[in-house]
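Novice: Okay, handing you the structure first.
We did not get these values from a lab; they are worked out from the coordinates using the rules stated. Treat the numbers as computed from the prediction; the structure is a model and nothing was measured. Glycine gets a Cβ as well: all are built from the backbone with ideal geometry, and neighbour counts include every protein chain shown.
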């Protein structure tokens, strides 16, 4: 007959159980179709402007205010390239980032796909603004 465990004997304390852990299973490789997936497409400025005009997530007065802020940023960039502005690129970048965050905040609930597209396009748009040749074509 088998000996009872100490926990089974009356008046004795149970010994702590020692659990063994198994090693973590390796994470499977992503399917080949995902491995070659392209990054999300970025918006060009014309498409961005059109989608912002057509979205119902922002009212008319807000759209007008945003247009004025965008125009101000573009004027400051023009002045920067013409040497008429003391704003540095990091200062312009800060203004740009604040504008992007504001637009994203306005669109986040009302037009999530556009809000996501704007965030995904942030660096591509900034690249246009900071390249004098591309900027001159605007």
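Novice: For segment 45-136, just the Cα atoms, rotate onto the principal axes and tell me the three extents in Å, largest first.
Specialist: 39, 25, 21
Novice: Follow-up question, since we're still on this one. Quick one: length gained pulling residue 135 to residue 57 fully straight, 0.36 nm per residue minus the C-alpha distance?
Specialist: On the way: separation 78, 0.36 × 78 = 28.08 nm, distance 2.85 nm.
Stretched fully, the residue 135-residue 57 segment lengthens by 25.2 nm.
Novice: Exposure proxy check: 121, 86 ranked by fewest other beta carbons within 10 Å?
Specialist: Numbers: 121 20, 86 8.
Fewest to most other Cβ atoms nearby, the residues stand as 86, 121.
Novice: Let me ask something else about it. Taking the beta-carbon count within 10 Å as an exposure proxy, list 135, 61 from fewest neighbours to most. Walk me through the numbers before you get to the answer.
Specialist: Values: 135 16, 61 8.
Going from least to most buried by this count: 61, 135.
Novice: Note down the Stokes-Einstein diffusion coefficient of segment 89-138 in µm²/s, whole number, using a Kirkwood radius over alpha carbon pairs, 4 °C, and 1.567 mPa s. Could the numbers behind the result be given before it?
Specialist: On the way: Rh = 11.6 Å.
D, rounded to a whole number, is 112 µm²/s.
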